[in-house]
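Encoded as structure tokens, the structure appears first; notes follow it.
The values are calculated or read from the model by the stated rules, or taken from the named source; none is laboratory data. In this text, all values refer to a predicted model and were calculated from it rather than measured experimentally. With ideal geometry, Cβ positions are generated from the backbone for all residues, glycine too; neighbour counts draw on all protein chains shown. These accessible areas exclude ligands, DNA and RNA; they are computed on the full protein's heavy atoms, side chains included. Shrake-Rupley method; radii C 1.70, N 1.55, O 1.52, S 1.80 Å.
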Amino acid sequence: MNFELDERLLAHAGKAKGPLDRWLLRFIREERDLPVIRQWGLMTVVLIPLALLTFSYTEVPWWLGLTMFVTAQILTPPYILALHVSSHRPVFKVEYKWLQTFAVWVLGPLAGQSPETYRAHHMGMHHPENNMWDDLSCTLRYQRDRPSHFAHYFYRFTVFVLVDLCKYMAKRERWKFLRQILVGEVGYIILLAVLLAVRFEATMIVLVARLFLTRFMMMAGNWVQHAFIDPADPADPYRNSVVCIDTLYNRSCFNDGFHVGHHVKANRHWAEMPEDFLNNLDQYAQKQAVVFRGVDYGMVWLLLMLGRHENLVRRQVVWPGDERSFEERVEALKTRLQPVSQEAVDADLQAAAA
């Protein structure tokens, strides 16, 4: 199959380009992860001083609050995806793993991440459950182009995720993850309480607003990543995940658009995602995987909420042999947005086990 990706819109493995990069290499396991430590270094020198300046004011000037908010918004998505790839594959050498702790505990709150919860949720729960019913971020029960259903999804996550995640870890005796969640969340709540009492405005701008916005962005992203589910085989990563290619998001966020390949092999290095996609196009075509071109998760989410199915189909890759009309492909896409019953999921899992 003749298929090309726009190389300008892909994140590529890092290569040392100067003295600073060569110095950074001493901390990490492999050179191609230089973009991860560069990203966190940028946050350290930009976001931490800006946050400290914001906290120096009892009443934060509007221009400073806006600058803090916009800067954090720009730096948050790459931070989260750097955290994502480093959760799957350790970036730092053993003797420097404290740098990962710094990224989680110091940089994390500035990007709206309460310490430790992300890794526990993602590694200890989401990937093992693969968007099935025991996945606390499961999308199966929802009509995934209906705003009211997304609102319920976001509300349920925001209000109940901590309790549900702790119950999940205890039930499966994943005590290390449970301990990390409790230490991270309790410590973070205490920190917020103290800072709110001392610097209310700054805490709301730097931490609280960012926390809710980041969780909204993450749940919108997960909603899209698992929106287009084939009800005939909802456990198959090719049929329950999505791929977004030829978008700036991939370049800045470690090829996160290749979500099918990530669920097929969770610890695949982020720089290998595009090549893996190209090497398995026949598999994608055979299973009619949903691949969009020129739109990222945020735009796909917006089009879903607006009910613009036709716009999505115009951006959808048409696999060889697919002779359906445009209208037929629109209807086919809509069927993959409908709720999937638990009975269908259980039957699929039993068939896979057999």
- Message: What are the pairs with Cβ atoms under 7 angstrom where one residue, in region 306-319, is over 17 Å from T335 (Cα atoms) and without any contact (Cβ under 8 Å) to a residue 60 or more places away in the chain and the other, located anywhere, is assigned to a loop (DSSP other than H, G, I, E, B) and open to solvent by less than 20 Å² (accessible area, probe 1.4 Å)? Sequence gap at least six, or different chains.
- Response: R315/V295
- Task: For region 175-198, name all the residues that are open to solvent by 50 Å² or more (accessible area, probe 1.4 Å) and either small (G, A, S) or within 30 Å of G257 (Cβ to Cβ) (or both).
- Result: A193, A197
- Item | For A227: the one exception among (1) surrounded by fewer than 19 Cβ atoms within 10 Å (Cβ to Cβ); (2) of a type outside the set (D, E, K, R); (3) under 23 Å from W301 (Cα atoms) | (1)
- Message: Among the numbered criteria (1) over 28 Å from W105 (Cβ atoms); (2) touching a Phe, Trp or Tyr at 6+ places or on another chain (Cβ under 7 Å), which one does G221 miss?
- Response: (1)
- Task: Could you tell me which numbered condition V60 fails, if it satisfies all but one of (1) closer than 30 Å to P320 by Cβ; (2) at pLDDT 95 or above; (3) touching an Asp or Glu at 6+ places or on another chain (Cβ under 8 Å)?
- Result: (1)
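Quick one: would you say G298 is open to solvent by 40 Å² or more (accessible area, probe 1.4 Å), in a loop (DSSP other than H, G, I, E, B) and not polar (S, T, N, Q)? First the steps, then the outcome.
On the way: open to solvent by 40 Å² or more (accessible area, probe 1.4 Å): yes; in a loop (DSSP other than H, G, I, E, B): no; not polar (S, T, N, Q): yes.
Criteria not met by G298.
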- Just a yes or no: is a residue in region 1-12 of a type in the set (S, T, N, Q), at pLDDT below 95, out of contact with any His (no Cβ under 9 Å at 6 or more places or on another chain) and surrounded by fewer than 10 Cβ atoms within 10 Å (Cβ to Cβ)? yes
- Query: Hey, any hits in region 232-245 for a residue that's open to solvent by 20 Å² or more (accessible area, probe 1.4 Å) and of a type in the set (S, T, N, Q)?
  - Reply: no
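Among the residues of region 269-289, write down those that are outside any helix (DSSP H, G or I), open to solvent by less than 10 Å² (accessible area, probe 1.4 Å) and either farther than 21 Å from A11 by Cα or polar (S, T, N, Q) (or both). Give the derivation first.
Start the filter on region 269-289 by keeping residues that are outside any helix (DSSP H, G or I), which leaves 269, 280, 287-289.
Imposing the further condition that a residue be open to solvent by less than 10 Å² (accessible area, probe 1.4 Å) reduces the set to 269, 289.
A289 - this is the single residue of region 269-289 that is outside any helix (DSSP H, G or I), open to solvent by less than 10 Å² (accessible area, probe 1.4 Å) and either farther than 21 Å from A11 by Cα or polar (S, T, N, Q) (or both).
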- Task: Take the residues in region 225-238 that are part of a helix (DSSP H, G or I) and within 21 Å of L136 (Cβ to Cβ), then tell me which one is modelled with the highest pLDDT.
- Result: Q225
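May I ask you to list the residues in region 199-224 that are open to solvent by 20 Å² or more (accessible area, probe 1.4 Å), in a helix (DSSP H, G or I) and out of contact with any Asp or Glu (no Cβ under 9 Å at 6 or more places or on another chain)?
The first filter runs over region 199-224 and keeps only residues open to solvent by 20 Å² or more (accessible area, probe 1.4 Å), leaving 199-201, 204-205, 208-209, 211-213, 215-218.
Retained after the next criterion (residues that are in a helix (DSSP H, G or I)): 200-201, 204-205, 208-209, 211-213, 215-218.
Answer for region 199-224, where residues must be open to solvent by 20 Å² or more (accessible area, probe 1.4 Å), in a helix (DSSP H, G or I) and out of contact with any Asp or Glu (no Cβ under 9 Å at 6 or more places or on another chain): F200, M204, I205, V208, A209, L211, F212, L213, R215, F216, M217, M218.
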- Message: With the requirement that a residue be within 24 Å of V242 (Cβ to Cβ), open to solvent by less than 60 Å² (accessible area, probe 1.4 Å) and in a helix (DSSP H, G or I), what does region 144-169 give you?
- Response: H149, F150, A151, Y153, F154, F157, T158, V161
